[in-house]
Amino acid sequence: MAAIRKVIIDAGQGGQEPGAVYNGRMEKNDTLQLAFDVGNALERRGISVEYTRVNDVYDSPYEKAAMANASDGDLFLSLHRNSMPVPGTASGVESLVYEKTEPAGMFGRNIGEALEAIGWVNLGVKERPGLVVLKNTKIPAVLVEVGFINNERDNEFLDENMAATADAIADGVLRTFEELDGKNTPQTESPGLYVVQTGVYRLRRNAEAEVQQLRERGAPAYMVAQNGLFYVRAGAFRELDHAVRMEQSLRRLGYSTVILRT
């Protein structure tokens, strides 16, 4: 990256506001530990970090948004634990944003996919326009609910994979910066071309793996992102005959292909 990036990390709750509580376990303690671990993981990746709190104190959501706005941060990351009225009835992580437009939507998707890759159930990106830390924060902001505190399996998974969870969140942040900087951005296509498609993926990493495999086999592969899915294409051609020849070659290699018109 051309310049040092900074992330504002907010450990949810604190002080007289413990957040969700289950069998003596408090959200405010989990989020503070995770905030430090994520911060360390980001700093190892060359990203600067600033915290809204570093001990057991409470600041209102308005104050946290003001901290982010007064900083020179590039992204705001708020960490929380989820809860349900009936314990054990929900599991997984979700990313909350003011609205799903970019870059906040991309920020949330990248974190969710990175957490899914290490074993968390990914509940996706959801809009929460009423949350003050999302509504009032001027820089791109995401609130990540890291598992349900009243689900024993989620707690066990977090405890056993705290470092991996922090690394995954840091990887999602790093990918977001790369995309904001114009690196690893899925290509767009000109109209009127014949494209050879080899796959459609929900997870970006799976699409990237197929693109790499195709390139190693000599195909001019690339990826296109649309509507939350990742499409792998192995060439775009002005002439249909050229697309047909590419399709036949790939089918001999075992790929299931389809020719589309852009």
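For residues in the stretch 207-262 being hydroxyl-bearing (Ser, Thr, Tyr) and not in a helix (DSSP H, G or I), which is nearest to residue 193 (Cα to Cα)?
My answer is 262.
Residue check: is residue 94 without any contact (Cβ under 8 Å) to a residue 40 or more places away in the chain, of a type outside the set (Lys, Arg), over 19 Å from residue 18 (Cα atoms) and not in a helix (DSSP H, G or I)? Walk me through it before giving the result.
Values: without any contact (Cβ under 8 Å) to a residue 40 or more places away in the chain: no; of a type outside the set (Lys, Arg): yes; over 19 Å from residue 18 (Cα atoms): yes; not in a helix (DSSP H, G or I): yes.
It is false that residue 94 is without any contact (Cβ under 8 Å) to a residue 40 or more places away in the chain, of a type outside the set (Lys, Arg), over 19 Å from residue 18 (Cα atoms) and not in a helix (DSSP H, G or I).
Given the criteria at pLDDT 90 or above, in a strand (DSSP E or B) and either hydrophobic (A, V, I, L, M, F, W, C) or closer than 30 Å to residue 26 by Cβ (or both), does residue 147 qualify?
Criteria met by residue 147.
Taking residue 99, is it within 17 Å of the chain's Cα centre (by Cα), outside any strand (DSSP E or B) and more than 25 Å from residue 154 (Cα to Cα)? So that I can check it myself, show each step before the final result.
Details: within 17 Å of the chain's Cα centre (by Cα): yes; outside any strand (DSSP E or B): yes; more than 25 Å from residue 154 (Cα to Cα): yes.
Judged against the criteria, residue 99 is a match.
Here is a list of conditions, (1) open to solvent by less than 50 Å² (accessible area, probe 1.4 Å); (2) assigned to a helix (DSSP H, G or I); (3) at pLDDT 95 or above, and residue 77 meets all of them except one; can you say which number that is?
(2)
Only one residue in 148, 177, 237, 230 is hydrophobic (A, V, I, L, M, F, W, C) and touching a Gly at 6+ places or on another chain (Cβ under 8 Å), so which one is that? Full working, then the answer.
Working: 177 fails: touching a Gly at 6+ places or on another chain (Cβ under 8 Å); 237 fails: touching a Gly at 6+ places or on another chain (Cβ under 8 Å); 230 fails: touching a Gly at 6+ places or on another chain (Cβ under 8 Å).
Exactly one residue qualifies, and that residue is 148.
Among the residues that make up the stretch 188-197, is at least one of them modelled with pLDDT of 90 or more, farther than 29 Å from residue 46 by Cα and within 26 Å of the chain's Cα centre (by Cα)?
Checked the stretch 188-197: at least one residue is modelled with pLDDT of 90 or more, farther than 29 Å from residue 46 by Cα and within 26 Å of the chain's Cα centre (by Cα).
Collect the residues in the stretch 247-262 that are surrounded by 13 or more Cβ atoms within 10 Å (Cβ to Cβ) and over 34 Å from the mean Cα position of the chain (by Cα), keeping them in residue-number order.
Selection gives 249 alone.
Kindly indicate the residue of the stretch 37-48 that is assigned to a helix (DSSP H, G or I) and charged (D, E, K, R) and also nearest to residue 166 (Cα to Cα) among those meeting that condition. Before the answer, list the steps.
Filtering the stretch 37-48 for residues assigned to a helix (DSSP H, G or I) gives 37-44.
With charged (D, E, K, R) added as a condition, the list becomes 37, 43-44.
Numbers: 37: 6, 43: 12, 44: 12 Å.
Per the stated criteria, the residue is 37.
Yes or no: the stretch 63-70 includes at least one residue that is surrounded by 19 or more Cβ atoms within 10 Å (Cβ to Cβ), touching a residue at least 40 places away in the same chain (Cβ under 8 Å) and small (Gly, Ala, Ser).
yes
Among what's in the stretch 27-56 and is of a type in the set (A, V, I, L, M, F, W, C) and open to solvent by 60 Å² or more (accessible area, probe 1.4 Å), pick the residue that is nearest to residue 176 (Cα to Cα).
Of the residues in the stretch 27-56, the ones of a type in the set (A, V, I, L, M, F, W, C) are 32, 34-36, 38, 41-42, 47, 49, 54.
Narrowing further to those that are open to solvent by 60 Å² or more (accessible area, probe 1.4 Å): 36, 54.
On the way: 36: 20, 54: 25 Å.
Checking each candidate, the answer is 36.
Residues checked against (1) modelled with pLDDT of 95 or more; (2) under 19 Å from the mean Cα position of the chain (by Cα); (3) within 18 Å of residue 163 (Cα to Cα); (4) not in a helix (DSSP H, G or I):
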site	(1), (2), (3), (4)
4	no, no, no, yes
9	yes, yes, yes, yes
31	yes, yes, yes, no
35	yes, yes, yes, no
50	yes, no, no, yes
55	yes, no, no, yes
64	yes, no, no, no
69	yes, no, no, no
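Within the group 211, 200, 232, 244, which residue is open to solvent by less than 60 Å² (accessible area, probe 1.4 Å) and closer than 26 Å to residue 100 by Cα?
Working: 211 fails: closer than 26 Å to residue 100 by Cα; 200 fails: open to solvent by less than 60 Å² (accessible area, probe 1.4 Å); 244 fails: closer than 26 Å to residue 100 by Cα.
Only one candidate qualifies: 232.
What's the number of the only condition in (1) farther than 23 Å from residue 113 by Cβ; (2) at pLDDT below 85; (3) of a type outside the set (Lys, Arg) that residue 184 fails to meet?
(1)
Identify, from the list 202, 233, 217, the residue that is on the phi < 0 side of the Ramachandran plot and under 16 Å from the mean Cα position of the chain (by Cα). Talk me through it step by step, then tell me what you get.
Details: 233 fails: under 16 Å from the mean Cα position of the chain (by Cα); 217 fails: under 16 Å from the mean Cα position of the chain (by Cα).
Going through 202, 233, 217 in turn, the sole match is 202.
Let me confirm something: among 121, 132, 173, which residue is crowded, with 21+ Cβ neighbours inside 10 Å and hydrophobic (A, V, I, L, M, F, W, C)?
Details: 121 fails: crowded, with 21+ Cβ neighbours inside 10 Å; 132 fails: crowded, with 21+ Cβ neighbours inside 10 Å.
Being crowded, with 21+ Cβ neighbours inside 10 Å and hydrophobic (A, V, I, L, M, F, W, C) holds for just one of 121, 132, 173, which is 173.
The values are calculated or read from the model by the stated rules, or taken from the named source; none is laboratory data. All figures in this text were calculated on a predicted structure; none of them were measured in a lab. When we count neighbours, we look across all protein chains shown, and the Cβ atoms used for this are built from the backbone with ideal geometry, even at glycine. The protein model used for the area step is the full one, side chains on, heavy atoms only, and it has no ligands, DNA or RNA in it. Shrake-Rupley method; radii C 1.70, N 1.55, O 1.52, S 1.80 Å.
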